[in-house]
Amino acid sequence: MLELNHIHKYYNPGTVNQMCLFEDFSLRIEDGDFVSVVGSNGSGKTSMLNIICGSIDVDSGNILVNGEDITNKKDFLRHRKIGRVFQDPSKGTCPTMTIMENMSIAENKGKPFNLGRGVKKDKMEYFQSLLRPLNLGLEDKMHTKVGALSGGQRQALALLMSTMTPIEFLILDEHTAALDPKTAEIIMGLTDQIVREKKVTTIMVTHNLRYAVEYGNRLIMMHEGNAILDKSGTDKQNINADEIMRVFNKISIECGN
């Protein structure tokens with residue numbers, strides 16, 4: 001279980017540009033949840049992910065994982081149990097290295113880097129078996145540099161690599177936003193398959209309201225650092241994209257847009 005308790009976060013504190021992003025923000029995510037998070041730009045979606053992953057510090061409050069306080073734990077230590085896929089396909093892979101090399105690094109995540117070969121040829125068949133279900137032909141391009149792949153292929157590879165080792169949380173930061181509609185559908189299908197098979201607790205930030213409605217068992221809408229809508233279970237199943245859009249429009253009018 002993940003808990004954010006009484007989080008406060010200010011940007012540029014003590015200056016004329018001071019901005020309060022989170023003020024006494026709390027959120028609890030149960031094991032096995034697949035949470036879709038929507039909200040306008042600047043609502044706190046990605047900042048919340050960064051706080052969970054340790055990319056940015058909080059001014060006060062704490063972050064608990066299964067009762068353990070990780071508020072002051074370094075980001076690289078948190079990432080031993082967190083897989084993250086970014087909006088930019090290039091951020092989850094190394095473009096100058098081959099698929100084989102990328103997957104070799106991903107498989108060693110959280111393990112000690114002792115002296116020895118980084119790429120083991122006997123792993124080739126195993127890596128190919130992981131790639132084959134993607135139906136993207138990547139299993140036949142093991143020695144191809146990742147920078148030569150399409151955006152969709154790179155994102156599919158990044159998604160697979162993020163879950164190659166046992167993790168407790170999968171963080172998806174608008175991971176289909178940079179893809180064309182057809183490729184985005186493929187990546188969402190792969191996402192749903194991986195989440196179901198691995199039963200990993202997942203938080204997905206997205207601007208695609210249909211994806212937010214169709215995928216996951218819980219939906220949260222963020223606005224000005226608060227969760228103004230939180231639907232789960234049957235309530236989430238009964239909500240539709242038009243209803244979410246009406247909430248968006250209401251907020252926009254109240255903000256003077």
Looking across the stretch 76-97 at residues that are in contact with a strand residue (DSSP E or B) (Cβ under 9 Å, 6 or more places away or on another chain) and in a helix (DSSP H, G or I), the single one that is most open to solvent (accessible area, probe 1.4 Å) is Lys91
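Can you find a residue that is more than 23 Å from Leu157 (Cα to Cα), β-branched (Val, Ile, Thr), in contact (Cβ under 8 Å) with a residue 40 or more places away in the chain and surrounded by 19 or more Cβ atoms within 10 Å (Cβ to Cβ) anywhere in the stretch 98-109?
Here is the first cut: in the stretch 98-109, the ones more than 23 Å from Leu157 (Cα to Cα) are none.
Within the stretch 98-109, none of the residues are more than 23 Å from Leu157 (Cα to Cα), β-branched (Val, Ile, Thr), in contact (Cβ under 8 Å) with a residue 40 or more places away in the chain and surrounded by 19 or more Cβ atoms within 10 Å (Cβ to Cβ).
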Looking across the stretch 123-148 at residues that are without any contact (Cβ under 8 Å) to a residue 12 or more places away in the chain and part of a loop (DSSP other than H, G, I, E, B), the single one that is nearest to Ile105 (Cα to Cα) is Gly137
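Have a look at Ile228, Ile194 and point out the one that is over 23 Å from His8 (Cα atoms) and either modelled with pLDDT under 95 or surrounded by fewer than 19 Cβ atoms within 10 Å (Cβ to Cβ) (or both).
Working: Ile228 fails: over 23 Å from His8 (Cα atoms).
The match here is Ile194.
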Can you name the residue in the stretch 160-169 that is touching a helix residue (DSSP H, G or I) at 6+ places or on another chain (Cβ under 8 Å) and farther than 20 Å from Thr46 by Cβ and, of all such residues, is surrounded by the most Cβ atoms within 10 Å (Cβ to Cβ)? Leu160
Looking at (1) closer than 23 Å to Asp173 by Cβ; (2) in contact with a strand residue (DSSP E or B) (Cβ under 9 Å, 6 or more places away or on another chain), which is the only condition Val119 fails? (1)
Having 3 or more residues that are within 26 Å of Asp88 (Cβ to Cβ) is the bar; report the helices (runs of 4 or more DSSP H) wholly within the stretch 196-257 that clear it. 209-214, 241-254
Based on what the data block shows, is Lys91 at pLDDT below 90 and over 30 Å from His207 (Cβ atoms)? no
Tell me which residues, restricted to the stretch 170-186, are in contact with a strand residue (DSSP E or B) (Cβ under 9 Å, 6 or more places away or on another chain) and open to solvent by less than 10 Å² (accessible area, probe 1.4 Å). Leu170, Ile171, Leu172, His175
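Quick grid of which residues meet (1) touching a residue at least 24 places away in the same chain (Cβ under 8 Å); (2) buried (at least 19 other Cβ atoms within 10 Å of the Cβ); (3) β-branched (Val, Ile, Thr); (4) not in a loop (DSSP other than H, G, I, E, B):
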| site | (1), (2), (3), (4) |
| --- | --- |
| Leu4 | yes, yes, no, yes |
| His8 | yes, no, no, yes |
| Pro13 | yes, no, no, no |
| Cys20 | yes, no, no, yes |
| Arg28 | yes, no, no, yes |
| Asp31 | yes, no, no, no |
| Leu49 | yes, yes, no, yes |
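The values are calculated or read from the model by the stated rules, or taken from the named source; none is laboratory data. Note that the coordinates shown come from a computational prediction; the quantities given were computed from them, not determined experimentally. Reconstructed Cβ throughout: ideal geometry from the backbone, glycine too, with neighbour counts over all protein chains shown. Side chains included, ligands, DNA and RNA excluded: accessible areas come from the protein's heavy atoms. Shrake-Rupley method; radii C 1.70, N 1.55, O 1.52, S 1.80 Å.
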